[in-house]
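Trainee: Encoded as structure tokens, here's the structure I'll be asking about.
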Amino acid sequence: MQTTIATVALTGTYDVAESLARHISLIEEAAGNGADLVVFPEISLQGYPPDYNLLYGQRLLDVYNNAELVPSGPSVQALIETAKRLGVHVIFGLNEAGEEGRGVVYNTTVLTGPDGYIGRYRKVHVGIAEQVTWRGGDDWPVFETPFGNIGMLICYDKQWPEASRELTLRGADILVMSTAWFMPAGEMDPTVNNWGDLYHVYDRCRAAENKRWFVSSNFAGSYGNTNFVGYSQITDPLGRIIVTTGPTDPGIAYATIDVKQGILEANAETMMGNNLIRDWRPDTYKALRGEMSLTING
């Protein structure tokens, strides 16, 4: 089954109405080009919050004020209806207002499709600075679609091999990673800095070590005093980046693939018959299972 995936390198904004209009326009563009799945970055709807030079009070107010319930929020509903109207699957990111009440916000991605809302994923790995803003999620859901099972990651999650492996073991065929992956302060060229290099390393490694498709979506350019590395891209199950938007320009990268066939071919082509799932030895990973004392420092 041939499936066309479109991954967006988005120009970010904190104007939610403008952002919603951009989302709808890009979904319409991608659908017009035959896309079955359209992927957006982390907090794409409201914009990844700036640090305001670490004035977190203002940052928190902005996040609380623009957070929406899932799936009933007005902008969320508008994107759900857009996906239904155009007959496509869409993944987008937002500040999600928790059902617990004001003051609880999650960093969430939503998957919706031709028949409506499918599900959400709440970012599990929340860094120390982000913990001021978001509560961490606690599950790794995998969602069925006509073209394959989708597991979602958000930014920091892709630095943890266990995250992608957990989704793979739960049946994911496509690992979709929405991100706001930026460069260190003062750096402008993503092609010559370590964070740009690591972005590719993680994408390629997570794809190859699980023999799964890996789709990244990031912001392109600058906003909120932050320069982003771009590189919305699709990596095949052998760890090869097959299409990318590149480092600086907004736009959409497309790839038409056979999800299941690509996974089968990747496993068949592995050297010496190796299979990283079949030959996995979780019984030996005692520290990971909490069965022995940790000796790591830092």
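Trainee: What order do you get for 177-190, 213-226 when each peptide is scored by the mean count of other beta carbon atoms within 10 Å, highest first? Let's see the in-between values first.
Mentor: Values: 177-190: 18.9, 213-226: 22.8.
Packing order, densest peptide first, comes out as 213-226, 177-190.
Trainee: Please give the peptides 284-294, 125-135 ranked by average Cβ packing (other Cβ atoms within 10 Å per residue), highest first, as a rough proxy for protection.
Mentor: Values: 284-294: 9.5, 125-135: 15.5.
Top of the packing list down: 125-135, 284-294.
Trainee: Can I ask one more? In terms of modelled amide H atoms, which long-range or inter-chain residues lie less than 5 Å from the amide H of Asp258?
Mentor: Thr3
Trainee: Another question, then. With each label point set 7 Å from Cα along the Cα-Cβ vector, what nm distance links Ala129 and Asp283?
Mentor: Here the modelled spin labels are 4.5 nm apart.
Trainee: I would also like to ask the following. Please give the direction-averaged projected area of the C-alpha convex hull for the range 223-281, in square nanometres with one decimal.
Mentor: 6.4
Trainee: Calculate the dipole size of the range 1-54 relative to its Cα centre from +1 charges on Lys and Arg beta carbons and -1 charges on Asp and Glu beta carbons; express the result in debye to the nearest 20.
Mentor: Charge dipole, the range 1-54, about its Cα centre: 60 debye, nearest 20.
Trainee: Per DSSP H run of n ≥ 4, the term is -39500 (n - 2.57); total these for the chain, divide by its residue number, and report the mean residue ellipticity at 222 nm rounded to 500 deg cm²/dmol.
Mentor: Values: 6 runs with 78 residues, N = 298.
Helices in the chain give a 222 nm mean residue ellipticity of -8500 deg cm²/dmol.
Trainee: Given the C-alpha atoms of the range 124-282, compute the convex hull and give its volume per residue in Å³.
Mentor: Spelled out: Cα convex hull of the range 124-282, divided by residues, is 130 Å³.
Trainee: Of Ala208, Asn193, Ala180, which is farthest on the positive side of the dipole of the range 175-217, counting Cα position, with +1 on Lys and Arg Cβ, -1 on Asp and Glu Cβ, and the Cα centre as origin?
Mentor: Ala208
Trainee: Given H placed on each backbone N at 1.01 Å, which residues far from Leu153 in sequence or on other chains put an amide H within less than 5 Å of it?
Mentor: Answer set, sorted by chain and number: Val176, Met177, Ser178.
Trainee: Only residues of the range 190-213 count here: report those whose backbone N is under 18 Å from the spot 7 Å along Cα→Cβ of Glu265, or say none.
Mentor: 207-213
Trainee: Highest mean first, how do 157-164, 116-123 rank when packing is the count of other Cβ atoms within 10 Å averaged over residues?
Mentor: The peptides rank, most packed first, as 116-123, 157-164.
Trainee: Would you work out the charge dipole size for the range 48-144 about its Cα centre, treating the Cβ of every Lys and Arg as +1 and the Cβ of every Asp and Glu as -1, and quote it to the nearest 20 debye?
Mentor: Using Cβ point charges on Lys, Arg, Asp and Glu, the range 48-144 gives about 140 debye.
Trainee: Now a separate question. Please turn the phi angles of the range 120-126 into ³J(HN,Hα) values with the Karplus equation 6.51 cos²θ - 1.76 cosθ + 1.60 (θ = phi - 60°), one per residue in order, whole Hz, x for glycine and proline.
Mentor: 9, 10, 9, 3, 7, 8, 10
Trainee: State, to one decimal in nm, how far the label point of Glu100 lies from the label point of Thr256, with both points 7 Å from Cα in the Cβ direction.
Mentor: 4.7
Trainee: Moving to a separate point now. Report, to one decimal in Å, the Kirkwood hydrodynamic radius for the chain based on all distinct Cα pairs.
Mentor: Taking every pair of different Cα atoms in the chain, averaging 1/r and inverting gives 19.4 Å.
Trainee: With +1 on each Lys and Arg Cβ and -1 on each Asp and Glu Cβ, and nothing else charged, work out how big the dipole of the range 2-284 is about its Cα centre, in Debye to the nearest 20. List each step's numbers first, then the result.
Mentor: Working: 20 positive and 34 negative charges, 57 e Å.
The dipole magnitude comes to about 280 debye.
Trainee: Computed on alpha carbon atoms, what radius of gyration and Dmax characterise the range 184-230, expressed in Å?
Mentor: Radius of gyration, then largest Cα-Cα span, for the range 184-230: 12.4, 37 Å.
Trainee: In 10 Å bins starting at 0, how do the alpha-carbon pair distances of the range 69-198 split up by percent?
Mentor: Percent of pairs per bin, in order: 12, 37, 35, 15, 1.
Read-outs: derived from the displayed coordinates by stated rules, not from any lab. These numbers come from a predicted model, not from an experiment. Don't worry about glycine lacking a Cβ; one is built from the backbone with ideal geometry, like all the others, and counts go over all protein chains shown.
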